[in-house]
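*Asks:* Please read through the structure below; I'll follow up with questions.
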């Protein structure tokens, strides 16, 4: 039961034809990068805010040129994309916001934090930043919002790069249901996140955030755990927002999305970590079938849900190929 409840926390959340490919073993791909280290202090310093009807939206931005939008997972925030942004900022104006209810975004009073509300927020954020079109890169529940955004605003999306995430037929996945129920009782943030903030070894263990969603949990630094989880439990009001985010994952917010995806003329690439046991193993094949402009699936063997943070070289490689740069 402990494991099932945590899997709910993380959720939020055959290759296609000639384009399908298989990555080399994950360990072999943990390559060093020439990019300068980018730590929590640097991320705090780089954070900006944009006022929207939904609240003051926290985001980071790097680079110039055509914009790319990076959508993080649950319970993470824009810090998840720090190393991918470092690699891709020479080619794009990289924008990574924090969701309503997660990270450092300041949510307006009475504002819902459901996936549909996140779509509204993204549109408002891009309008405030004077961005008309974006390349979208997304993970976990961010992938669900990415699909919803693309079907609602297809004219604003140039490309989609989707990693392990919800699909309509697996949203929310069965593993998330116990945590949604816990959140409805107002106990999710208090009973799960608070202990992980207090005990970083627990957070890295096989019963914590690290062990169940990161390929290399021993590399999950204390400051990274605090960056993700500390703001979510900083006050009773923030704990309520965190619970509200989990509750917003049910009933299925993606109902009807597949029918719209089938007519979406947006080039899409799918990356899938095979070590993820939160989302259904056939979900990448489902996406490949549904999306008419899919360029196939690349499997990252052994990689868990939040592998985009751990393997930014893979994200950068596939994004550049999809963008043609």
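The values are calculated or read from the model by the stated rules, or taken from the named source; none is laboratory data. These numbers were taken from a predicted model, which means no experiment stands behind them. We place every Cβ from the backbone using ideal geometry, glycine too, and count neighbours over all the protein chains shown.
Rundown of residues vs (1) surrounded by fewer than 16 Cβ atoms within 10 Å (Cβ to Cβ); (2) touching a strand residue (DSSP E or B) at 6+ places or on another chain (Cβ under 6 Å); (3) farther than 21 Å from residue 101 by Cβ; (4) at pLDDT 95 or above, yes/no style:
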position: 147; (1), (2), (3), (4): no, no, no, yes
position: 164; (1), (2), (3), (4): no, yes, no, yes
position: 174; (1), (2), (3), (4): yes, no, yes, no
position: 217; (1), (2), (3), (4): no, no, yes, yes
position: 236; (1), (2), (3), (4): yes, no, no, yes
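Quick grid of which residues meet (1) touching a strand residue (DSSP E or B) at 6+ places or on another chain (Cβ under 8 Å); (2) part of a loop (DSSP other than H, G, I, E, B):
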| site | (1), (2) |
| --- | --- |
| 195 | no, no |
| 229 | no, no |
| 249 | no, yes |
| 260 | no, no |
| 272 | yes, no |
| 281 | no, yes |
| 285 | yes, no |
| 289 | no, no |
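*Asks:* Of the numbered conditions (1) touching a helix residue (DSSP H, G or I) at 6+ places or on another chain (Cβ under 7 Å); (2) surrounded by 21 or more Cβ atoms within 10 Å (Cβ to Cβ); (3) modelled with pLDDT under 95, residue 26 satisfies every one except a single condition; which is it?
*Replies:* (1)
*Asks:* Take the conditions out of contact with any helix residue (DSSP H, G or I) (no Cβ under 7 Å at 6 or more places or on another chain) and surrounded by fewer than 23 Cβ atoms within 10 Å (Cβ to Cβ) and apply them to residue 154. Does it pass?
*Replies:* It is true that residue 154 is out of contact with any helix residue (DSSP H, G or I) (no Cβ under 7 Å at 6 or more places or on another chain) and surrounded by fewer than 23 Cβ atoms within 10 Å (Cβ to Cβ).
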